[in-house]
Amino acid sequence: MSKARKIGDRMLPRQQRNWDARAATNFICGGAGGGLLVATALASMHGEDLRPLVVVALALLGVGLLAVWLEIGRPWRALNVYLNAATSWMTREAMTAPLVFASGAAAVVFNWRAAFWIAGLLGLFYIYCQARMLYANKGIPAWRHASCIGMIVATGLTEGAGLLCMGAMYWPGLAPFGGLLAVLLAIRLLAWRTYLASLRSTGVPVGTSKALNALDVRFVWLGHVAPAVLGVGAGFGQLPLLAVLAGVLAAVTGAWFKYTLICRAAFTQGFALPRKPSRGGGAAGPGVQPGWNRAQPE
């Protein structure tokens with residue numbers, strides 16, 4: 001390979017390798033667990049003993065944290081994450097986790113309604129911390145848009161409601177929450193369209209565009225339309241089986257989106273020239289940005 005070709009390859013966006021499937025697992029399980037705590041807090045007002053769902057939510061958070069801990073090259077340095085609370089959303093996530101586990105444990109042991117709500121609010125903040133962690137990575141065009149925050153939060157809440165609806169297999173009284181799931185699916189779909197529009201309005205690396213476009217149609221129909229129809233049917237018909245199916249589709253497609261966002265669509269910025277330099281006294285030429293799709297007008 002020629003020297004010029006090597007230099008050209010280095011200019012192109014590259015798929016990031018620092019966060020792999022283990023990091024994606026933290027976002028998948030942590031977001032779903034936090035969302036389930038929120039959904040369980042809402043459902044706790046209906047008189048069901050939903051403490052097993054709190055255990056499931058805490059287990060999901062634990063799996064996510066374990067996965068990201070295993071990703072660290074020197075795991076016992078993980079405590080250093082607590083040193084940057086003023087600037088790091090990863091630190092805030094780590095500081096929130098013990099509070100989530102403590103309030104969740106209180107809900108399970110004492111069955112206090114207040115503990116359910118505290119755990120739910122902390123679970124929501126945990127999801128928000130994860131969303132801001134992605135947004136803070138300015139070198140990854142797929143993550144640095146403000147609309148990515150809304151998409152991550154909406155996905156976590158939808159996954160949590162989906163897991164709650166899956167609980168209708170054991171608590172048939174949860175079937176009406178299929179209506180809540182349908183509302184959250186509509187919100188997530190709006191967040192998805194807004195997110196894609198923001199990427200297209202500024203341009204993205206070609207690899208990012210391919211990964212998200214490959215996801216788009218199936219994500220809309222399998223992740224939103226189908227579970228929303230099932231959720232509405234479950235809510236109006238009091239049909240637990242429909243609620244379970246809606247929940248499975250909502251949760252699985254949410255995990256699919258997060259894996260795609262972290263492991264497939266996350267390309268680096270690459271190099272760009274705002275204007276081509278001119279020779280002599282001529283005018284500068286148009287800029288170039290290799291490996292990018294140009295911005296599309298809205």
Nonlocal amide H pairs with V204, under 5 Å, H built at 1.01 Å: N293
Put a dot 7 Å past each Cα toward the Cβ at E48 and R17; how far apart are the dots in nm? 4.6
Once amide H atoms are built 1.01 Å from N in the peptide plane, which residues 5 or more positions from Q15, or in another chain, come under 5 Å H to H? T268
Could you size up the charge dipole of region 53-160 around its Cα centre, putting +1 on the beta carbon of Lys and Arg and -1 on that of Asp and Glu, and report it in debye to the nearest 20? 260
Once label points are set 7 Å from the Cα along Cα→Cβ at both M169 and L190, what is their separation, rounded to one decimal in nm? 3.2
Applying 1/(1 + (r/R0)^6) with R0 = 41 Å to the Cβ-Cβ distance of W69 and R113, what FRET efficiency is obtained, to the nearest 0.05? 0.80
Return the calculated 222 nm mean residue ellipticity for the chain, to the nearest 500 deg cm²/dmol, obtained by summing -39500 (n - 2.57) across DSSP H runs with n ≥ 4 and dividing by the residue count. -22000 deg cm²/dmol
For region 117-259, with +1 on Lys and Arg beta carbons and -1 on Asp and Glu, the positive-most of P227, G178, P205 along the dipole: P205
Treating the angle as unsigned and between 0 and 90°, give the value, to the nearest 10°, between the Cα long axis of helix 113-135 and the longest Cα principal axis of the chain. 10
Using Cα atoms only, what is the angle between the long axis of helix 206-220 and the major principal axis of the chain, expressed in degrees (0 to 90) to the nearest 10? 30
Rounded tilt (10° steps) of 146-166 against the dominant C-alpha axis of the chain: 30
Among G247, L122, M95 - extreme Cα towards positive end, dipole of region 16-270, charges at beta-carbon: M95
To the nearest 20 debye, the chain has a Cα-centred charge dipole, built from +1 on Lys and Arg Cβ and -1 on Asp and Glu Cβ, of 1720
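Just so you know, all these numbers are worked out from the coordinates, no wet-lab data involved. As the structure is a prediction and not an experimental result, all values here were calculated from the model. Virtual Cβ from ideal backbone geometry, glycine too; neighbours counted across all protein chains shown.
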